[in-house]
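Remarks on the structure that follows.
Here, each number is a calculation from the coordinates, and none is a lab measurement. Only a predicted model underlies this, so the values are computations on that prediction, with no experimental measurement involved. Don't worry about glycine lacking a Cβ; one is built from the backbone with ideal geometry, like all the others, and counts go over all protein chains shown.
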């Protein structure tokens with residue numbers, strides 16, 4: 001923050017920005033022509049011929065779902081960027097921390113760097129509709145590579161930084177990646193291990209750190225950016241102008257929990273329409289009204305972060321700060337405190353980690369302060385549940401206590417809070433309501449370009465996922481007597497198809513073009529959506545009873561604050577059982593769960609009369625106090641069951657908590673049920689031994 005407030009530093013930064021802009025031959029005359037060129041492009045925009053709503057061909061095209069619900073003029077990613085330049089060209093767009101100082105660049109400079117990257121991709125031989133795969137943590141170079149790949153006529157493809165070499169190979173090969181952009185030596189090694197199985201690979205670009213080896217097709221970022229200097233502006237413009245709104249520009253790969261990852265093909269119109277419309281529900285402001293600021297740290301390979309950080313950032317002129325690579329290992333809150341964003345998005349596990357940090361801080365306060373905090377939080381929870389934001393007591397509690405707690409998280413200036421990628425528990429939502437923070441849940445899929453339903457300041461009702469995004473439609477298929485059925489989507493955000501997977505595409509899209517989510521839910525009389533589970537996760541017992549696992553799992557975690565993960569078992573079995581993991585500390589470097597219990601778990605044990613501080617303390621001797629407390633919690637959950645078939649008959653505690661590195665959780669912390677079933681097959685079978 002000192003750097004941002006330092007006038008001298010700002011002046012130096014402004015000088016550097018101006019020098020860079022001059023070096024890239026940008027001037028006022030060029031900036032003034034942006035509007036005219038953009039209007040000419042829009043006027044000349046046309047659709048590629050298409051006869052179907054879907055395709056599995058990377059170079060294919062689709063019919064757009066333009067109707068009375070979605071009448072807006074379709075535009076390409078380049079047209080969206082150019083339109084933003086008219087309004088936000090001289091405003092700051094991206095901020096990266098280097099040598100302990102935040103360095104910012106403007107939208108105009110951002111655009112010019114993307115063009116330069118595009119020309120270098122062309123120089124390296126990027127072919128039309130071939131992939132540029134990006135493997136690494138969020139950074140300005142990630143953004144430049146993503147936009148540059150699209151401008152050059154390629155298809156931008158993110159690869160999760162946690163992927164194994166084989167998983168990287170699958171995505172790079174399937175997307176026909178001509179170029180792979182990697183963050184550092186660690187990610188480079190993964191690609192080199194599988195390079196002989198990448199027939200399209202022409203070059204690798206490393207954007208962070210010094211190159212430790214010399215190869216003919218390996219470039220540093222600086223070397224890469226020099227490659228395209230002799231590619232003419234006209235050559236690039238011709239490729240940009242040949243792009244059509246109903247053609248593919250982005251591939252999002254699913255996590256592959258039930259087979260090979262699927263390449264979700266998203267068109268220019270999918271990206272630009274969603275960036276424009278979905279954010280309106282969340283009340284994201286255009287920069288001419290108020291420039292939003294946010295911290296980019298969630299995996300950009302996932303559609304939620306990509307739409308929120310990258311595409312919406314361009315659409316509305318947001319200022320995006322890049323977190324440090326160890327953000328999820330503990331540095332995120334430090335960055336948030338420095339940046340003080342106006343908007344923040346987290347997956348449920350991130351919000352849970354913040355909740356645990358606040359609880360830990362409160363527990364270390366003195367008696368009087370703890371009492372004051374407890375009072376303020378109870379006032380806030382009650383007022384927010386009653387939707388009484390103008391309550392005098394809430395105003396008092398907020399100014400005396402809660403404002404300081406939010407500032408501790410780096411959210412003191414934040415006005416909008418979002419959660420996506422997985423269902424968030426009611427316990428977490430209520431905890432943040434007690435801090436006077438309303439978390440707006442977004443619900444959607446990669447196949448719907450992210451959010452299809454959203455909560456927002458004017459669309460909020462617990463425990464719903466909000467209402468359908470304006471311009472989108474839904475229907476509930478195979479509805480039962482209680483109004484529950486499969487949620488189906490329609491709109492301009494619906495994907496083009498799965499790359500090279502016709503069977504999977506036909507499974508997802510019915511004959512009328514409706515996208516079947518695979519999620520079970522119901523809509524209330526006001527139009528709010530409530531998700532109850534997934535069809536594929538639905539447990540059908542040996543007696544034929546249908547049991548959605550998520551509500552039962554969430555109920556167990558709510559009753560037992562020592563439990564980190566709970567997974568219900570019982571498909572084709574005579575009764576239900578459950579795998580439990582305890583809240584543990586993590587290795588700061590690897591994020592692997594360790595034996596030591598978290599502070600909250602230790603406190604739970606102490607409340608039961610147990611002195612356990614490690615998982616083994618509890619499991620080895622089947623700690624009587626803890627096991628009794630867990631069974632009593634399970635009994636309370638069972639007492640609310642709708643039938644005997646929905647009661648948990650047996651349970652067991654696993655030695656380690658679930659994690660991304662362990663394989664039980666996906667990159668966005670979503671439970672990978674098929675993987676867990678396979679990993680703990682013997683443990684599960686032991687539960688069902690007579």
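So for 652, 272, fewest C-beta neighbours within 10 Å to most, what's the order?
652, 272
Working from Cα positions, state the angle (0 to 90°, nearest 10) between the long axis of helix 165-174 and the longest principal axis of the chain.
Approximately 50 degrees, to the nearest ten.
Fewest to most neighbouring Cβ within 10 Å: what's the order for 92, 460, 297, 688?
Least crowded to most crowded, the residues run 688, 460, 92, 297.
If I model a spin label at residue 101 and residue 536 as a point 7 Å from the Cα along the Cα→Cβ vector, what separation in nanometres do I get?
Placing both labels 7 Å beyond Cα along the Cβ direction yields 5.0 nm.
If I fit a long axis through the Cα atoms of helix 7-23 and take the longest principal axis of the Cα atoms of the chain, what angle between them do I get, 0 to 90°, rounded to 10?
It is inclined by approximately 50 degrees.
So for each of 510-522, 178-190 I average, over its residues, the number of other beta carbons within 10 Å; can you give me the resulting order with the highest mean first?
Result, highest mean first: 178-190, 510-522.
Sort 54, 142 by Cβ crowding within 10 Å, fewest neighbours at the top.
54, 142
Output the peptides 171-177, 247-253 sorted from most to least packed, where packing is the average of other Cβ atoms within 10 Å over each peptide's residues.
Packing order, densest peptide first, comes out as 247-253, 171-177.
How long is the gain from residue 656 to residue 90 if the chain were fully straight, where each residue apart is worth 0.36 nm and the alpha carbon distance is subtracted?
198.7 nm
Could you check what % of the DSSP bridge pairs in the range 344-534 are antiparallel, to the nearest 5?
Percent antiparallel among DSSP bridges in the range 344-534 is about 80.
Note down the relative contact order for the range 2-328 as a percent, whole number, built from C-alpha pairs under 8 angstrom at least six residues apart.
Reported as a whole number, the value is 20 percent.
Compute the separation of the alpha-carbon centres of the range 175-221 and the range 44-99 and state it in Å as a whole number.
29
Report which label in (1) -0.64, -1.23; (2) -0.90, -1.20; (3) -0.70, -1.04 holds the value of log10 I(q)/I(0) by the Debye sum over Cα atoms at q = 0.08, 0.11 Å⁻¹ derived from the coordinates of this structure.
For log10 I(q)/I(0) by the Debye sum over Cα atoms at q = 0.08, 0.11 Å⁻¹, the calculated option is (1).
Pairing the Cα long axis of helix 367-385 with the longest principal axis of the chain, what angle in degrees results, from 0 to 90 and rounded to the nearest 10?
70
Hey, with R₀ at 51 Å, roughly what FRET efficiency would residue 360 and residue 688 work out to, going by the Cβ-Cβ distance, to 0.05?
Calculated value: 0.85.
If you average the sequence gap of Cα pairs under 8 Å that are 6 or more apart and divide by the length of the chain, what percent do you get for the contact order?
11
Taking 0.36 nm per intervening residue step and subtracting the Cα-Cα distance, what contour gain separates residue 214 from residue 545 on full extension?
113.0 nm
Give the percent of DSSP beta bridges with both residues in the chain that are antiparallel, rounded to the nearest 5.
55
Where the centroid of each part is defined by its Cα atoms, how far is the range 396-463 from the range 605-658 in Å?
30
Calculate, in nm to one decimal, what residue 681 and residue 399 gain on full extension: separation in residues at 0.36 nm each, minus their alpha carbon distance.
Here the answer is 96.3 nm.
With a cut-off of 16 Å, note down the residues of the range 100-116 whose backbone N falls inside the zone around a label point 7 Å from the Cα of residue 235 toward its beta carbon.
115-116
Would you calculate a helix-derived [θ] at 222 nm for the chain, using -39,500 (n - 2.57) for each DSSP H run of n ≥ 4 and dividing by the full residue count, to the nearest 500?
After summing the helix terms and dividing by residue count, I get -11000 deg cm²/dmol.
If you take every DSSP beta bridge fully contained in the range 2-328, what fraction is antiparallel? Give it as a percent rounded to 5.
Antiparallel bridges make up about 30 percent of those DSSP assigns within the range 2-328.
Taking the Cα-to-Cβ direction at residue 222 and at residue 369 and moving 7 Å from each Cα, how far apart do the two end points lie in nm?
Reported label-point gap for residue 222 and residue 369 is 4.8 nm.
Taking the Cα centroid of the range 552-578 and of the range 268-282, what is the distance between the two, rounded to the nearest whole Å?
Cα centroid of the range 552-578 versus Cα centroid of the range 268-282: 37 Å apart.
How would you order 443-449, 553-559, 425-431 from highest to lowest mean count of nearby Cβ atoms within 10 Å?
Those peptides, ordered most packed to least, come out 443-449, 553-559, 425-431.
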